[in-house]
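The values are calculated or read from the model by the stated rules, or taken from the named source; none is laboratory data. Small disclaimer: the values here were computed from a predicted structure and weren't measured. Please note: Cβ atoms are built from the backbone with ideal geometry, for glycine as well, and neighbour counts cover all protein chains shown. All accessible areas refer to the heavy atoms of the entire protein, side chains included, with ligands and DNA or RNA removed. Shrake-Rupley method; radii C 1.70, N 1.55, O 1.52, S 1.80 Å.
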Amino acid sequence: MNEICKLLGIRYPIIQGGMAWVADHHIAAAVSNGGGLGLIAAGNADAEFVRGEIRKARELTDKPFGVNIMLLNPAVDEIMALVREERIAAVTTGAGNPGKYVAGLKEAGVKVLPVVASVALAVRMERAGADAVIAEGTEAGGHIGELTTMVLTPQVADAVEIPVVAAGGVADGRGVAAAVMLGAKGVQVGTRFLAAHECNISQAYKDMVLKAKDTDTVATGRSTGHPVRILKNRMAKEVLSLEKTGIDPEEFENRLAGTLRMAVKDGDVVHGSVMAGQSAGLVKKEQTAAEIIEEMFTEASALLKAAGATELV
Ligand code: TUI
C-alpha cells in the first residue's frame with residue numbers, strides 16, 4: 001500500500017492544498033469523501049472559527065481530514081492546541097517552520113506534514129519528527145518559495161527518509177505520474193480544487209481560474225520577501241508597480257491586507273487577490289471533488305503503466 005495512504009488512512013495519495021479563505025468544511029469533506037485528505041484552512045482565522053469548521057466537517061464526513069495552519073496567523077498557538085484537543089487526523093503547515101509544535105501534535109496522535117520550499121527545511125522537519133514533508137514548488141498559488149517542483153521534489157526525496165508529497169503545478173494525471181517519477185509518494189493539489197462544485201468561492205473567482213491561460217499568473221512581493229502567486233488583474237498590476245517604487249515592506253503588506261477575502265467572498269476579482277497556481281491553465285471544467293480525484297488517478301495509473309513499455313533509447 002502507498003505510504004501516504006497508509007499514514008493518513010486514505011484511498012488516494014492526494015492532499016488538498018491549504019487555501020486560506022477558500023478551504024472550508026464543504027470542500028474539505030468533499031475531498032475526504034472522494035478518497036483524498038481534505039483540509040480546512042485556518043488562514044488568518046481565530047481558533048473558534050476553526051473549531052466551528054471542524055465540527056461542521058465532521059457532520060459531512062466520517063473520513064479523516066486535516067487542518068492547514070498558516071504559521072503567520074497570530075492565533076497559531078491556540079489553533080495548535082485546538083487540533084490536538086480535537087484529535088485531528090493531520091496538520092499541514094505553511095509559510096514558516098513548525099518545528100516547535102511537532103512533538104506536541106504527535107503526542108496527540110496528529111500526523112504532521114509541513115510544507116517546505118527548500119531541502120534545508122525538509123531535513124529539519126524530518127529531525128523534528130514530521131511524518132512526511134510536502135515539497136512545494138514556485139508553480140503553486142499563494143505564498144511561494146523560489147524553486148520549481150521539478151527540481152525541489154527529487155532533491156528533497158534524496159535528502160529525507162520520510163515520504164515526500166509533491167506540490168505546485170500538479171493538476172492532472174500527468175502531474176501525478178511526473179511527481180511519482182520525481183520521487184514523491186503523493187501529491188498536494190490546490191488550484192484544480194478551486195473548480196470543484198463543492199468549493200464555495202465566488203463564481204467570478206472560479207471563472208477567472210477556468211479562463212486562465214499558461215502565462216496568466218504572476219508573483220507579487222518577490223522584492224519585499226513575501227512572494228505570493230496570483231492571477232493577473234488590476235490589483236496585481238498596481239502592487240507590482242508599487243514594488244518598483246521601492247515601497248516599504250510593511251506598507252506593502254498593508255496594501256494587500258483583506259484583498260484575498262475580497263476575491264474569494266465578495267467576488268471582486270479586479271481589486272482582490274485571486275491566488276492560483278500556474279496550473280490554472282490546465283483547469284478547464286467544474287467537477288465534483290470526487291470526479292477530479294478519480295480522473296487524476298485513473299489517468300496517472302494508465303500513464304505509469306504505459307511508461308513501462310516506452311523505449312527511450
Ligand atoms: O503557505 C503556503 N501558501 C500560502 S499561505 C497563504 S495566506 C498568506 N496570505 C498572504 C501573505 C502570506 C500568507 C497563502 N498561500 N504555502 C506553503 C509554503 N510555505 N510555501 C512556501 C513556504 C515556506 C517558505 C519559507 C515555508 C517555510 C519557509 O521558511 C521557514 C524557515 O523558517 O525556514
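Some points to look at:
- Ligands, DNA and RNA aside, Met208 has an accessible area near 40 Å² when probed at 1.4 Å.
- Extension gain, Lys211 to Glu3: 0.36 nm times the residue separation minus the Cα-Cα distance gives 71.3 nm.
- Working from label points 7 Å from Cα in the Cα-to-Cβ sense, the Arg174 to Thr288 distance is 2.8 nm.
- Across the protein chains, with a 1.4 Å probe defining accessible surface, the residues Arg84, Arg11 rank Arg11, Arg84 from largest area downward.
- Förster-model FRET efficiency, 22 Å R0, Ala302 and Met181, C-beta, rounded to 0.05: 0.90
- Put a dot 7 Å past the Cα of Lys265, heading toward its Cβ, do the same for Ala81, and the two dots end up 2.5 nm apart.
- FRET efficiency for Ala309 and Ala159, using Cβ-Cβ distance with R0 set to 30 Å, rounded to 0.05: 0.40
- Counting only lysines at least 8 places from Lys285 when in the same chain, those with an alpha carbon closer than 16 Å to its own are Lys206, Lys211, Lys213.
- Antiparallel DSSP beta bridges within the chain, as percent of all bridges there, nearest 5: 20 percent
- Based on DSSP H segments of at least four residues, each scored -39500 (n - 2.57), the chain has a per-residue ellipticity at 222 nm of -12500 deg cm²/dmol.
- Label-to-label distance, Phe49 versus Ala257, with points set 7 angstrom from Cα along the beta-carbon direction: 1.4 nm.
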